[in-house]
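Comments concern the structure below.
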Amino acid sequence: MCGVNGIFAYHYAANPIDADELLRTRDHMIARGPDAEGCWTSDDLRVGFGHRRLSIIDLSAAGLQPMTSADGRYVVTFNGEIYNYRQLRQCLQDRGCVFRSQSDTEVLLHLFALEGEEMVRNLRGMFAFAIWDATERKLFLARDPYGIKPLYYSDDGWTFRFASQVKALLAGGAIPNDPDPAGEVGFYLFGHIPEPFSTHRAISSLPAGSTLVVDRTGAHAPSRYHSIAQVYCDAEAGGASVMDAKAATEEFRAALLDTVRHHLVADVPVGVFLSAGVDSASLIGLMRDVGQEDIQAITLAFDEFVGSTTDEAPLAAEVARTYGAQHIVRRVSKKEFESDLPKILAAMDLPTIDGVNTWFVAKAARECGLKVAVSGLGGDELFGGYPSFTNIPRWVRLLRAPSQVPFLGRAARSVGRPLARVLGANPKLAGMLEYGGDYAGAYLLKRALYMPWELSEVIPHETVSAGLQRLLPLRLIERELAPRPSTPAARVSTLESTLYMRSRLLRDSDWASMSHSVEIRTPLVDSVLLRRTAEIAAASGHAPDKSMLANAPSRPLPVAVRKRPKTGFMTPIEQWQGREARSTRSDAPVSDRAFRPWARAWAEVVTRKTQWRAA
């Protein structure tokens, strides 16, 4: 796990790259890679790579980056882990490749030399990397199927720049500071900025599951090689139901054991973040099943939650006892939160209303001497753990017909909006008829922080207008359902995975953990597991659920964990922020004063304290 960056002056009239800019960008990411640093520039100073290393696989100097191929043609700077690198390495050796290291990085060089851009289809892991081909004078960038690892870029028509962080690109000093209204609108709509947008108009995110080529003519459009929706559609097209329940259970357990085994590949100890939920508890059981004996399990606890259902510690301790894990309970106080808050907001690469929980659990992992920890992130998206799996299909079914009556939905909103204000109800209810009749609109209703008609009450009207025109939120959501899976469960899983998980949970896990030089691995966010799960569901006729995950370990989960209501990975932000989080600005809209959940209040705090609008 590392920080990567690079500059390519592709236009013939562009100035040579600025080596100082390359280093400024690289060294802004020192927390991502405190173990080593590297820099490479071409002889003609037209291209350069930077790298900060967090050593996980092949801890020796042979694994240092940027790494150059033996013949000097290819150079790579790589962030992430390739979990199947040992199998790939053996196949490459069988084809005549000679290796100089034990790293997964060198596998990328050989694979690209033999298979070119198609090499990404062979990779299993989380990754964001760039490869320079000196012969073709071409830069190739790639990002993993789910978008676990970030990669941002900027192209001014002369020079192309990329890095693992938006703030690192800005630290280079060569990118315009113009804010992106789509980023601001996206933040207030979703509580995060959806890709490919960022806070700055000049900076974009390379979409998950995509590659990008830059040559003498400039940057080509990103090319998608992986689609979650397509995986579900391919599985559904595979044939009629042919798998009984027993066979499905066995196949599913095998798929889970396979992903856990792959995600434990490392040359350093691998711990686990343990909550009281099924996802992380099942992973500990599966880690035992694949042979890991020494397991450090870390649980966050808060005095504000003691005695309530949101207190993770008691049940997590029972899970740890069940599987013989060393259990570390890390208590976080309001005082520590207030002390860390400036550092949290400074580390927050893009504004978000989440990530505080991951900040503290990663901090605890680092205190324990861990560089790597497994997380149960992705279980809800893959196994239908959110209320959205029930609510969204029901709304669409009930509201599809009336929502198609011309002007009826807008009229209902006009009447319902002032009524919601008077009653202090959720203002989103006013848009149920207008938005709830299709999956894109229903998903926006479910996940939105503010609905589009509320935005002018919290940000300037001209910003709303320009931002919505660029963002096109309903079209952005609908794009993720192309092609459209046939089952409601697959549709909701696709939306939750490609929107909420990708642009918030995974991104927040990255910046919050890497701030402490800790790598988070997510066995339940894995392209191979997705494909196998989709195929099992299609063949058996049953969508995967949490009971299948809970039954996967050979030693059963504690009954109390199985029956525990879902609460999420929570922190007492509202209590910690006190009056600041609950107070209302004098210019706040009436609807916000009447209905003010913590998320809206926290978004206001993030905006005010980071001042990212004016960046």
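A compact table of results
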| quantity | calculated |
| --- | --- |
| Inter-probe distance in nm under a simple model that places probes 7 Å from Cα toward Cβ, at residue 134 and residue 156 | 2.7 |
| Debye, to nearest 20: dipole size of the range 385-451, +1 on Lys, Arg Cβ, -1 on Asp, Glu Cβ | 80 |
| Relative contact order of the chain, defined on C-alpha pairs under 8 angstrom at six or more residues apart (%) | 18 |
| Estimated vicinal HN-Hα couplings, Hz - the range 534-540 in sequence order (Karplus 6.51, -1.76, 1.60; Gly, Pro = x) | 5, 5, 5, 4, 5, 6, 9 |
| Highest average packing first - 389-399, 253-263, Cβ atoms within 10 Å | 253-263, 389-399 |
| Length gained when the stretch residue 560-residue 254 is fully extended (0.36 nm per residue, less Cα-Cα span) | 107.7 nm |
| Positive dipole terminus of the chain, leading residue within 163, 176, 194 (C-beta point charges) | 194 |
| Per-selection metrics, the chain (Cα): Rg and Dmax in Å | 24.0, 74 |
| Amide H contacts under 5 Å for residue 372, placed H, 5+ residues apart | 271, 519 |
| Cα gyration tensor category, rounded, prolate or oblate, for the range 216-370 with a/c compared to 1.5 | oblate |
| Debye intensity ratio in log₁₀ form over the Cα atoms of the range 36-107, taken at each q of 0.21 Å⁻¹ | -0.96 |
| Virtual paramagnetic centre 7 Å along Cα→Cβ of residue 102, amide N under 15 Å, in the range 235-279 | 265-269 |
| Of the trypsin sites (Lys or Arg not before Pro) in the range 436-509, those whose Cβ has at most 15 other Cβ within 10 Å and which sit in DSSP loop | none |
| Loop-located trypsin sites (Lys or Arg not before Pro) in the range 514-571, at most 15 other Cβ atoms within 10 Å (DSSP) | 566 |
| Debye log10 I(q)/I(0) at q = 0.10, 0.16, 0.19 Å⁻¹ for the range 381-483, Cα point scatterers | -0.30, -0.78, -1.08 |
| Links that overshoot a 27 Å alpha carbon limit, given the list 335/609; 343/446; 446/566; 363/566; 446/563 | 343/446 |
| Antiparallel content of DSSP bridges confined to the chain, in %, to 5 | 75 |
| Prolate/oblate/rounded label for the range 233-291 (Cα gyration tensor, a/c 1.5) | prolate |
| Overall form of the range 152-308 per C-alpha gyration tensor (a/c, 1.5; a/b vs b/c) | prolate |
| Computed magnitude of the charge dipole of the range 230-335 (debye, nearest 20; Cβ of K, R +1, Cβ of D, E -1) | 460 |
| Theoretical gain in end-to-end length, residue 326 to residue 35 [0.36 nm per residue, Cα-Cα removed] | 102.1 nm |
| Theoretical ellipticity at 222 nm over the chain - DSSP helices of four or more residues, -39500 (n - 2.57) apiece, nearest 500 | -12000 deg cm²/dmol |
| Cut-off under 5 Å, modelled amide H: who pairs with residue 301 long-range | 330, 331, 332 |
| Against the rule of thumb 2.2 N^0.38 Å, how large the Cα Rg of the range 319-444 comes out | 1.58 |
| Potential extension, residue 45-residue 303 segment - 0.36 nm per residue separation minus Cα distance | 87.3 nm |
| GluC sites (Glu not before Pro) within the range 250-304, DSSP loop, no more than 11 other Cβ atoms inside 10 Å | 293 |
| Local electrostatic count, residue 354, Cβ distance below 11 Å [Lys/Arg +1, Asp/Glu -1] | +1 |
| Per-residue ³J(HN,Hα) for the range 356-361, Karplus 6.51 cos²θ - 1.76 cosθ + 1.60, θ = phi - 60°, Hz, x for Gly and Pro | 5, 4, 5, 3, 6, 6 |
| Convex hull volume per residue in cubic angstrom - Cα atoms of the range 71-149 | 85 |
| The range 276-355 - percent of accessible surface contributed by carbon and sulfur, probe 1.4 Å | 50 |
| Highest average packing first - 422-435, 186-199, Cβ atoms within 10 Å | 186-199, 422-435 |
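The values are calculated or read from the model by the stated rules, or taken from the named source; none is laboratory data. Model, not experiment: these values are computed from the prediction. Ideal geometry is used to build each Cβ from the backbone, glycine not excepted, and the neighbour counts take in all protein chains shown. Remember, those area values only see protein heavy atoms, side chains included, never the ligands or the DNA or RNA. Shrake-Rupley method; radii C 1.70, N 1.55, O 1.52, S 1.80 Å.
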